[in-house]
Amino acid sequence: MDVSPGTPTTLSTSQRTHAVMAGYLGWTMDAFDFFVVVFMISTLADNFHVSKSRLVFTMTMTLAMRPVGAFVFGLLADRFGRRVPLMANVIYFSVIEVLCGFAPNYTVFLVLRALYGIGMGGEWGIGASLAMESIPQRWRGIISGLLQSGYSAGYLLAAVAYRFVFPSLGWRWMFWLGGIPAILALYIRWHVPESEAWKEHATNSMAQIMRVFANYWKSFAYLCVMMTLFMFLSHGTQDLYPDFLKTEHHLNPSWVSYIAIIYNVGAIVGAIIFGLLSQRIGRRKGILLALFVSIVTIPAWAFGHGIVMIAVAAFIMQMGVQGAWGVVPVHLNELAPDSARGLVPGFAYQLGILFASGTNSIEYALRDHYGYRWALAGFEIVTILGLAVVVWFGREAHGKQFSRLRTDG
């Protein structure tokens, strides 16, 4: 492939839309495949004849393996372009998800969920860099929020499937639905253009990419700390919340799925609003404002009573949590070096997952000592305050130019 600078041109609106949709749909279906487990902790534990804590450990393994995928697929994306590695990634995680539905026992299921983590870890970095490099600078904030809202959309779809598919078809079909994203590979092949920014900054070897990465280590270390706290924020408020609603509030599965749908709508709204807001007030201020919304909602979110209060508090809580997350795609991509943009954002993102992979197990252990309400509330108060400090003293590169390609049209 010719990677010479060439003459800058302007992508068409259709090409930009396809690039954004590829990233959004990939992350949406990736999240769906992860969150189906969240709703079936008790069911899967009973089916495989293990404790709920061992089933929760499969989620930990999924999260822990994500950096492997981010590193491998990120390197491939910086060396060979965004499109082909993204297609390979989508096919990989779709196949593994389908195989999970055939798991005969806990051991096989655990191995498959670990392998799935590799695919899940690879998608975000490639999809986000492809989208961010394909749009006008002035649209980065809102598109960042839209991309990240795909995670919440996937969670929402998992809640819908749990409400309507699980009762009639059973747990295996929840995983078999995960084969649908493979169709996305064909969409990418036919409609998504290669990134012009990658063509401009592409290197001739993996070694060159690694040298750029090595010279960036101080900033990368900061990004890893920030992303670890971001993971504590999101997974600490999402993964065990359905189980919290079942065991602490004694809600039936239907109500749990309805409330999950409600708070994921809030998450989508928050990601888009605060992503857009970050374009006006800056990336760090956008994140801090969203964190403020979350921390003031914790009392009602963790200690509230009644369906209405729980639903409203969960909606606002996730609006703040995913509002902060809505700024992450653009923030990481703007801070990343040009020739390692496929690797750095996704690898920092997924190393944060590795360092925070014990979130669910930690909260579950805290629950045994302090009760479910204080376990969730205390964990998130500390997380939000720590993340606010890290973001406040960090830097941003708001408006950084990615390419000589004219994207302002």
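Which one of Gly122, Gly178, Gly141, Gly117 is closer than 23 Å to Ile287 by Cα and either in contact with a Lys or Arg (Cβ under 9 Å, 6 or more places away or on another chain) or surrounded by 19 or more Cβ atoms within 10 Å (Cβ to Cβ) (or both)?
Only one candidate qualifies: Gly141.
Against the definition (aliphatic (A, V, I, L, M), farther than 15 Å from Ser195 by Cβ and in contact with a Ser or Thr (Cβ under 6 Å, 6 or more places away or on another chain)), how does Leu110 come out, yes or no?
yes
Tell me, please, whether a residue that is on the phi > 0 side of the Ramachandran plot and surrounded by fewer than 24 Cβ atoms within 10 Å (Cβ to Cβ) can be found in region 165-174.
yes
Hey, which of the helices (runs of 4 or more DSSP H) in region 188-247, taking only ones fully inside, have at least 2 residues that are of a type in the set (A, V, I, L, M) and free of Cβ contacts under 8 Å to residues at least 24 places away in the same chain? Let's see the steps before the verdict.
Details: elements: 196-201, 206-215, 217-238, 241-247.
Fully inside region 188-247 and qualifying: 206-215.
Which residue is modelled with the lowest pLDDT, if the candidates are limited to region 340-349 and must be closer than 17 Å to Ile209 by Cβ and part of a helix (DSSP H, G or I)? Even if it seems obvious, please write down each step before you answer.
As a first pass, look at region 340-349 and keep what is closer than 17 Å to Ile209 by Cβ: 340-348.
Imposing the further condition that a residue be part of a helix (DSSP H, G or I) reduces the set to 340, 344-348.
Working: Ala340: 86, Val344: 91, Pro345: 91, Gly346: 89, Phe347: 93, Ala348: 94.
Result: Ala340.
So is Gly154 in contact with a Gly (Cβ under 6 Å, 6 or more places away or on another chain) and not basic (Lys, Arg) or not?
No, not satisfied.
Any residue in region 146-155 that is under 24 Å from Asp46 (Cα atoms), touching a residue at least 40 places away in the same chain (Cβ under 8 Å) and in a helix (DSSP H, G or I)?
yes
Determine which member of the set Glu200, Glu133 is crowded, with 23+ Cβ neighbours inside 10 Å and of a type in the set (D, E, K, R).
Only one candidate passes the filter, namely Glu133.
Take the conditions under 26 Å from Val344 (Cβ atoms), touching a residue at least 40 places away in the same chain (Cβ under 8 Å) and small (Gly, Ala, Ser) and apply them to Gly81. Does it pass?
yes
Of the residues that sit in region 109-141 and are β-branched (Val, Ile, Thr) and modelled with pLDDT of 90 or more, which one is nearest to Phe34 (Cα to Cα)?
Per the criteria, the residue is Ile118.
Test of understanding: among Phe402, Phe355, which residue is of a type in the set (Phe, Trp, Tyr) and within 17 Å of the chain's Cα centre (by Cα)?
Answer to the check: Phe355.
Whether any residue in region 82-95 is in contact with a Ser or Thr (Cβ under 7 Å, 6 or more places away or on another chain) and modelled with pLDDT under 85 is what I want to check.
Within region 82-95, one or more residues are in contact with a Ser or Thr (Cβ under 7 Å, 6 or more places away or on another chain) and modelled with pLDDT under 85.
Out of Val50, Val72, report the one residue that is outside any helix (DSSP H, G or I) and either touching a Gly at 6+ places or on another chain (Cβ under 7 Å) or more than 29 Å from Ile268 (Cβ to Cβ) (or both).
It is Val50.
Does Phe166 count as under 29 Å from Phe315 (Cα atoms), touching a Cys at 6+ places or on another chain (Cβ under 7 Å) and in contact (Cβ under 8 Å) with a residue 60 or more places away in the chain?
Spelling it out, it is not the case that Phe166 is under 29 Å from Phe315 (Cα atoms), touching a Cys at 6+ places or on another chain (Cβ under 7 Å) and in contact (Cβ under 8 Å) with a residue 60 or more places away in the chain.
The values are calculated or read from the model by the stated rules, or taken from the named source; none is laboratory data. These numbers come from a predicted model, not from an experiment. We place every Cβ from the backbone using ideal geometry, glycine too, and count neighbours over all the protein chains shown.
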